Structures are given as structure tokens and as C-alpha cells.
1. Among all residue pairs at least 6 apart or on different chains, which show Cβ distances below 7 Å where the first residue, located in segment 43-64, is in contact (Cβ under 8 Å) with a residue 40 or more places away in the chain and the second is in a loop (DSSP other than H, G, I, E, B) and of a type in the set (S, T, N, Q)?
2. Can you tell me which residue among THR280, THR190, THR274 is outside any helix (DSSP H, G or I) and over 21 Å from the mean Cα position of the chain (by Cα)?
3. Please go through segment 225-259 and give me each residue that is crowded, with 18+ Cβ neighbours inside 10 Å and of a type in the set (A, V, I, L, M, F, W, C), ordered by number.
4. Could you tell me which residue of segment 1-18 is nearest to VAL58 (Cα to Cα), considering only residues that are part of a helix (DSSP H, G or I) and in contact (Cβ under 8 Å) with a residue 60 or more places away in the chain?
5. Residue by residue through segment 215-224, note down the ones that are part of a helix (DSSP H, G or I) and surrounded by 15 or more Cβ atoms within 10 Å (Cβ to Cβ).
6. With segment 67-174 as the region, which helices (runs of 4 or more DSSP H) entirely inside it contain at least 3 residues that are among the small types (Gly, Ala, Ser) and buried (at least 18 other Cβ atoms within 10 Å of the Cβ)?
7. How many residues are charged (D, E, K, R) and in contact with a helix residue (DSSP H, G or I) (Cβ under 6 Å, 6 or more places away or on another chain) when one looks only at segment 1-45?
8. Could you say whether any residue in segment 238-259 is in a helix (DSSP H, G or I) and of a type in the set (Asp, Glu)?
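The values are calculated or read from the model by the stated rules, or taken from the named source; none is laboratory data. Computed from a predicted model, the values in this text were never measured in an experiment. Virtual Cβ from ideal backbone geometry, glycine too; neighbours counted across all protein chains shown.
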Amino acid sequence: MKKTWFITGTSRGIGLEIAQAALASGDNVVATARNITSLREQFSEDQKTQLECLELDVNNPVQANIAVNRAVERFGNIDILVNNAGFGQLGHFETVELSAIEQQFSTNVFGLMQVTRAVLVVMRKQQCGHILNMSSIGGALGFDGAAVYCAAKFAVEGFSESLALEVARFGINVTIVEPGFFRTDFLDPTSVRYGNIKLHDYEKIATAQKMQFDDYSHVQPGDPKRLAQLIVDTAGKGAAPLRLIAGTDSLAMSRETLNNRIKELELWAKVSVTTDHRET
């Protein structure tokens, strides 16, 4: 049965690959991005019967509502929402200006929430739907030199896990996608941002980390096309995972983090139980 996808951040990278994979499967796609001209250039003429390209800055709630209404006008429903729009803010916490932190949360967290709020009106009416929120392995564990980015992705994960409980009663599933490092332009200067506060204590390690990321750009192990196909094969299929880990690197790091967390939990368990009220 043909489904309708609503995807944010589709002008390039993983978002574009998901849109192309959904179109190839025969589904309808509402592709959104801030720059409508560059967005339209990514698709061919023969795809337009299944495709609606819309301008959407996720930071603009008015645009989000307009885009959702247009999607319903065109295709009648929205079966799958993919919240993909976002960018990476790297750099040690003290080197990142407050305005940059606010922009990171505005796009990666509050923008995601605004689009979700607009789409939920449709999905609740339908009594069905599937929301996929693009997180990161940086939403499952912290990274040295990525405090702000990880904080935003942790927020997405907490929001998504709680939202899943809230909307299950309406037949709506929520999946958190946790990719590892994928071969996109995420680490390119056109996408990723670094802290611009110069602090001598961080200078040496910050320079080394940036060089490492620059060298890793476009040689990451993850294949965006394969990730897109996994999402298309998983979305809207009834039983869906709360977390969809993508990539051998993400899987290995997730396992190590969970194992270490369990070890620490057990190590401190005797202390943890001492805080309860006790009857005298």
C-alpha cells in the first residue's frame, strides 16, 4: 500500500537519500528544505507525480503548519514523518558561544518538536502513523569535543522516548534512529560548525580533533544509501523498534556504553539503595 512521507532536511545527505529511496519504493514524498530551488534540483521530472517539494525552515512554526497542510491537500494523509533537518555543532563546551548553543537547540531540538507537533494533528486524526527522529550515536553517549551536539541529541532521545509512550494510544509509533559515522558532508565546512572562542587550554586538543574529523570526512564507514533503504524497509511496517542503531561503529559503541553502564550501576548499587525512607 502506497504511503506518504514527510521528510525534513532533504536537499542533501541522508534526508535526500531517504526521499529517493521512498520514491523508488513507489511511495509519495513531501520533501522539505530551507532552499526550495536547490531542493527541486535534486529530483527528476518523472518523480513529480509522487513528489511535493516545499520550503520549510524548521525553526519557523508557521511554515511547519503550512507545509503539513499542503501535504495533506496534495496526498490526503501523512503516514511517516522523518525529522532529519539539523547540523553538527562541534567544539569543547567552553569554546562554543551561547548564541551557537541556542541555534543548535533551536534547529536540532525545538525545530524537530515544532514539525512533530504540526504532523501529530494529522496522525492523531488518522489514528496511525510513524515518526522517525534522526538522532546519532552522539545521542547515546558523550564525545570529547562535542558537548553541545551530544546535549541536543540526548534531548531528542528523551523527547522521543517519552513521546512514544504518549502517542502509542493513537496507533502512532516513534523510532529513534542512531547512526554512527556515515559518508555524507556532515563533517564538511559547509555543514559542521566549531566553537570560535579561543582558549589556550583547549587549543592543542581542539586542533588535533578538527584535523581528525577533516581526515575522516567522506571516508566514514556508513553508506547513506543503505541507511535510507533500511529506514524505508522499517518505517510504517507495524512493529517498529524504539531505537534503530545504524552502522557497525554505532552498534559497537552502544554495546560498550551499555555494558559499562551496567557495571557501574552494579558497583554502586549498595550505595544507591541507602537513600530510601526507612521505617523506624
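1. Note: pairs meeting the criteria are LEU56/THR8; VAL58/THR8.
2. Numbers: THR190 fails: over 21 Å from the mean Cα position of the chain (by Cα); THR274 fails: outside any helix (DSSP H, G or I).
Within the list THR280, THR190, THR274, the selection yields THR280.
3. LEU227, ALA228, ILE231, VAL232, ALA235, LEU244, ILE245, ALA246, MET253
4. GLY15
5. PRO224
6. Because the criterion is at least 3 residues that are among the small types (Gly, Ala, Ser) and buried (at least 18 other Cβ atoms within 10 Å of the Cβ), the helices (runs of 4 or more DSSP H) in segment 67-174 that meet it are 147-167.
7. Here the count works out to 1.
8. The initial filter retains those residues of segment 238-259 that are in a helix (DSSP H, G or I), namely 248-259.
From what is left, the residues that are of a type in the set (Asp, Glu) are 249, 256.
So far as segment 238-259 goes, yes, one or more of its residues are in a helix (DSSP H, G or I) and of a type in the set (Asp, Glu).
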